[in-house]
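Structure first, then comments.
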Amino acid sequence: QKEVEQDPGPLSVPEGAIVSLNCTYSNSAFQYFMWYRQYSRKGPELLMYTYSSGNKEDGRFTAQVDKSSKYISLFIRDSQPSDSATYLCAMSAYGNKLVFGAGTILRVKS
Amino acid sequence: GAVVSQHPSWVICKSGTSVKIECRSLDFQATTMFWYRQFPKQSLMLMATSNEGSKATYEQGVEKDKFLINHASLTLSTLTVTSAHPEDSSFYICSASPGQGAYQPQHFGDGTRLSIL
């Protein structure tokens, strides 16, 4: 079993839809949770960073962490074609290396 | 803020040559930088952790003599792929974390696409 599980997709949605992306994990030591967006042939771009459990909102993006269930989510409201990319969840215990999910390919159709 | 620059973005070279990739933190100092490798349609694989002024820490299975890492300053780390062969062709990405003390997430460069003929 992988430490971090993420459905690779692809996930196809119409423009304007609410997108829900999620990851599950097995290591209870993880405290720091990140979502990165990666366009083709580019490096990952940090979207959201959350410490421990709770919600965090930034514009159209909302990140949720439920440590009791070992489950994290990223919601994208009013999705746009420019949101089409691969979304990587990543997590870390303090001072330790990042552990990535496999990445979910998102396609937003206009 | 927290910009990481990587150079070159794309390099093609003949088998047997060595290739150097630079990673710079442009607006912050980074005592630690990370080097990843990414295969098509796969997630990032950590190769090594680069520490300023000391030896890099390599992940299991990564050849130290093949992938030389130098972190000479707080804003620059280099990865040299020595005697490169076609199987070394890949997408190499570096990252760095700004700040010290409190945890800061890693910020990534735009990657270097390496093609060995």
Only one of A:VAL108, A:VAL99 is more than 11 Å from the chain's Cα centre (by Cα) and farther than 26 Å from B:TRP35 by Cα, namely A:VAL108
By my count, strands (runs of 3 or more DSSP E) wholly in the range B:67-117 with at least 2 residues that are over 13 Å from the mean Cα position of the chain (by Cα), away from every other protein chain (no Cβ under 12 Å) and over 18 Å from B:PHE34 (Cβ atoms) are B:112-116
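Any chance you could count how many residues in the range B:6-43 are in a strand (DSSP E or B) and either farther than 14 Å from B:ARG113 by Cα or among the β-branched types (Val, Ile, Thr) (or both)? Walk me through it before giving the result.
If we filter the range B:6-43 for residues that are in a strand (DSSP E or B), which is where we start, we get B:6-7, B:10-13, B:19-25, B:32-38.
Subsequent filtering for residues that are either farther than 14 Å from B:ARG113 by Cα or among the β-branched types (Val, Ile, Thr) (or both) retains B:11-12, B:19, B:21, B:24-25, B:32-34.
So the answer is 9.
To keep it simple, each residue is scored yes or no on (1) within 23 Å of B:ASP110 (Cβ to Cβ); (2) within 14 Å of chain B (Cβ to nearest Cβ); (3) in contact with a Gly (Cβ under 9 Å, 6 or more places away or on another chain).
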| position | (1), (2), (3) |
| --- | --- |
| A:GLU45 | yes, yes, no |
| A:GLY54 | no, no, no |
| A:PHE61 | yes, no, no |
| A:LYS70 | no, no, no |
| A:SER73 | no, no, no |
| A:SER82 | yes, no, no |
| A:ALA90 | yes, yes, yes |
| A:PHE100 | yes, yes, no |
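State which residue is nearest to A:SER110 (Cα to Cα) when the search covers only the range A:68-78 and only residues that are under 15 Å from the mean Cα position of the chain (by Cα) and surrounded by fewer than 21 Cβ atoms within 10 Å (Cβ to Cβ). Don't jump to the end; show me each part of the working.
First, pick out the residues of the range A:68-78 that are under 15 Å from the mean Cα position of the chain (by Cα): A:70-77.
Narrowing further to those that are surrounded by fewer than 21 Cβ atoms within 10 Å (Cβ to Cβ): A:70-71, A:73, A:75, A:77.
On the way: A:LYS70: 34, A:TYR71: 30, A:SER73: 24, A:PHE75: 19, A:ARG77: 15 Å.
Among them, the one singled out is A:ARG77.
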### Query
Before we move on, is B:LYS55 assigned to a loop (DSSP other than H, G, I, E, B), modelled with pLDDT under 90 and within 13 Å of another protein chain (Cβ to nearest Cβ)?
no
Residue set A:ASP66, A:ASP83; condition within 25 Å of B:PHE39 (Cα to Cα) and of a type in the set (Asp, Glu); output residue A:ASP83
Among the residues of the range A:76-89, is any without any contact (Cβ under 8 Å) to a residue 60 or more places away in the chain and of a type in the set (A, V, I, L, M, F, W, C)?
yes
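Residue-by-condition table, conditions (1) of a type in the set (Val, Ile, Thr); (2) surrounded by fewer than 20 Cβ atoms within 10 Å (Cβ to Cβ); (3) modelled with pLDDT of 95 or more:
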site	(1), (2), (3)
B:ILE21	yes, no, yes
B:PRO40	no, yes, no
B:THR49	yes, yes, no
B:VAL62	yes, yes, yes
B:ASN70	no, yes, no
B:PRO86	no, yes, yes
B:ILE93	yes, no, yes
B:GLY101	no, yes, no
B:GLN106	no, no, no
Among strands (runs of 3 or more DSSP E) entirely within the range A:21-110, at least 2 residues that are under 15 Å from B:SER43 (Cβ atoms) occur in A:32-38, A:85-92, A:104-109
Within the range A:26-37, of all residues that are in contact with an Asp or Glu (Cβ under 7 Å, 6 or more places away or on another chain) and surrounded by fewer than 22 Cβ atoms within 10 Å (Cβ to Cβ), the one nearest to the other protein chains (Cβ to nearest Cβ) is A:ARG37
Inside the range A:1-20, the number of residues satisfying the requirement of being under 15 Å from A:MET91 (Cα atoms) and either within 12 Å of the chain's Cα centre (by Cα) or surrounded by 15 or more Cβ atoms within 10 Å (Cβ to Cβ) (or both) is 3
Exercise for review: Kindly indicate whether B:SER9 is farther than 27 Å from B:PRO98 by Cβ and in contact (Cβ under 8 Å) with a residue 40 or more places away in the chain.
Suggested key: no
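The values are calculated or read from the model by the stated rules, or taken from the named source; none is laboratory data. All figures in this text were calculated on a predicted structure; none of them were measured in a lab. Note: ideal-geometry Cβ built from the backbone for every residue, glycine included; neighbour counts use all protein chains shown.
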